[in-house]
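Just below is one structure, and these are the notes that go with it.
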Amino acid sequence: MLIKTNRDGFAQPLASEITDRLVYAGRRDLIKLLASGAAGAALTAWASREALAQGTAASPRPGKLAALPSVKSAVPGAVTLDKLTDYKDASSYNNFYEFGTDKADPAKTAHTLKTSPWTVEIEGLVKKPARYALEDLLKLSAQQERIYRLRCVEGWSMVIPWVGYSLSELIKKVEPLGSAKYVEFVSLADPKTMPGVGSRVLDWPYVEGLRLDEAMHPLTLLSFGMYGELLPHQNGAPVRLVVPWKYGFKSGKSLVKIRFTDQPPATAWNKAAANEYGFYSNVNPDVDHPRWSQATERRIGEDGLFAKKRKTLIFNGYEAQVGQLYAGMDLKKFF
Ligand SMILES: Nc1nc2c(c(=O)[nH]1)N[C@H]1C(S)=C(S)[C@@H](COP(=O)(O)O)O[C@H]1N2
Ligand SMILES: [Mo]
């Protein structure tokens with residue numbers, strides 16, 4: 001596509017091309033957007049995406065990965081009109097302790113991760129345990145694009161167009177037994193390709209877990225890509241979870257095992273500091289981390305000296321979709 005440059009040197013797609021793009025995204029979406037008066041923001045989002053796909057002088061593309069086919073998801077809550085985080089920030093400011101504890105480490109060291117061949121084992125309390133080759137897992141259901149906010153427990157957030165499908169699609173295929181109440185997610189722990197696994201910051205492998213109904217919620221995404229492309233290694237290639245209403249650490253990366261259990265899984269962060277990281281870890285501005293407040297957050301890319309912090313929302317803004325899962329629960333006790 002053609003990129004026009006305006007006076008300030010910023011790449012600007014032609015209006016006609018933006019319209020093409022919106023029509024491509026679906027006439028119904030367009031009509032809904034126009035009706036809601038939100039088209040302006042949507043156009044800005046598309047424009048920045050287009051500029052991003054091309055790479056601009058200000059933000060050159062760090063190597064293009066294979067494209068992933070996807071359609072916009074119709075799952076309620078799966079799209080936000082928030083401005084997308086710049087691809088460069090999303091792929092260079094990461095938490096992936098298997099590749100080091102500094103936010104800049106994974107982008108520098110995760111190239112050693114070998115993502116092919118890759119298999120994911122499904123085991124535990126299911127009628128049909130299975131070993132999926134990544135190629136088969138990719139094809140299990142249609143790939144969708146979902147724009148989710150991800151809020152890290154450390155107080156920063158990003159808005160990322162993930163690509164994948166609801167984890168529930170996979171769960172339905174393997175048929176959990178009536179006794180299955182929880183799902184455990186196990187990441188790869190390979191000391192040969194993951195330099196951080198030699199350290200003792202966490203008890204490897206990285207393990208996370210959800211209640212079965214949380215895992216079945218349509219917003220819980222099994223993700224293979226972002227920004228229309230396969231996941232970069234540092235973001236959890238070749239397959240990860242994205243649970244947008246929970247702190248980022250619940251979204252395990254580079255998954256090799258999914259196990260169905262009747263007991264809450266012993267998660268890596270809960271084992272490391274049970275008083276700081278509970279099993280639920282729902283984003284909650286009213287429940288502080290023992291060492292810092294959770295009331296506000298910094299959106300990555302808006303971190304200038306005078307940028308105002310944003311108020312953190314209960315369930316990271318997904319209360320309408322997921323609040324019902326926790327009806328009657330004391331969220332201070334089950335943090
Ligand atoms: N295996 C594994 N998964 C992980 C982590 C990790 O260290 N190891 N970090 C978590 C944390 S704390 C966050 S905030 C998110 C960050 O995802 P991103 O780098 O794609 O933004 O990944 C989560 N998943
Ligand atoms: Mo995090």
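Values quoted throughout were computed directly from the atomic coordinates according to the rules given, and no laboratory measurement underlies them. Not measured: the values here are computed from a predicted model. FYI the Cβ positions are ideal-geometry reconstructions off the backbone, even for glycines, and counts take in every protein chain you see.
Some observations on this one:
- For G124, distant residues with modelled amide H under 5 Å away: F260
- Residues F279, F224, sorted so that the one with the fewest Cβ neighbours within 10 Å comes first: F279, F224
- Taking amide H as placed 1.01 Å from N in the peptide plane, L68 has its amide H under 5 Å from the amide H of E229, L230, each at least 5 places away in sequence or on another chain.
- Ordering 107-117, 145-155 by mean Cβ neighbour count within 10 Å, with the highest value first, yields 145-155, 107-117.
- Principal axis extents of the C-alpha atoms in region 245-335 (largest first, rounded to whole Å): 48, 33, 26.
- Net charge of Cβ neighbours under 11 Å - reference W292; Lys, Arg +1; Asp, Glu -1: -2
- Estimated at 0.36 nm per residue, the fully extended path between V201 and W292 surpasses their Cα-Cα distance by 30.8 nm.
- Residue-count net charge about T119 - beta-carbon cut-off 13 Å; Lys, Arg +1, Asp, Glu -1: -1
- Straight-distance candidates among the lysines for linking to K309, with alpha-carbon spacing under 22 Å and chain neighbours fewer than 8 residues away dropped: K83, K88, K103, K246.
- Among the listed pairs K271/K332; K127/K333; K128/K181; K108/K253, those beyond 25 Å (Cα-Cα): K127/K333
- A straight Cα-to-Cα reach below 15 Å connects K308 with the aspartates and glutamates E297, residues fewer than 8 places away in its own chain not being considered.
- Listed by chain and number, the aspartates and glutamates placed with their C-alpha closer than 16 angstrom to that of K192 are E98; residues fewer than eight positions away on the same chain are left out.
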